Amino acid sequence: MNRLYSDLKWCIENDFQVYIKPVTNTGQCNIAIRKGGISTEGLPSKYNEEKGLTLYSTETIGSVTYKNQKEASKKLPEVYKYLKDTYGNVR
């Protein structure tokens, strides 16, 4: 299995939603990470009827502003790797 797929799969399985978020009408954007974003379907919170509780997520917006979506998307593999390397061995 290649590294990119492995890192992306880890992010999904560990409830990290990683996406590109526009900041201006000029096309500039940042990379955002939403911990709990898979479970909440990208929302700040979502009630889970099956579990009978409300799930919450937290969005963190990266500090680097990219000039367009194409530039930001080139960095996504690095973000997946960073998340897996940083949080992958935390128990």
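Using the crude model of +1 on Lys and Arg Cβ and -1 on Asp and Glu Cβ, and no other charge, please compute the dipole size for the chain relative to its Cα centre, in debye to 20.
With only Lys, Arg, Asp and Glu charged at Cβ, the dipole is about 320 debye.
Note the angle between two axes, namely the Cα long axis of helix 69-87 and the longest principal axis of the Cα atoms of the chain, as a number of degrees from 0 to 90, rounded to the nearest 10.
Roughly 40 degrees between the two axes.
Rg to Rh for the chain: what is it, with Cα atoms only and Rh by Kirkwood?
A ratio of 1.02.
What is the sum of charges around Arg3, taking Lys and Arg as +1, Asp and Glu as -1, for the other residues whose C-beta is under 12 Å from the C-beta of Arg3?
Taking every Cβ under 12 Å from that of Arg3, the sum is 0.
Computed from the coordinates by the stated procedures, all read-outs in this text should not be read as laboratory data. As the structure is a computational prediction, the values presented were derived from the model and not from experiment. In this analysis, Cβ positions are derived from the backbone assuming ideal geometry, glycine residues included, and neighbour counts consider all displayed protein chains.
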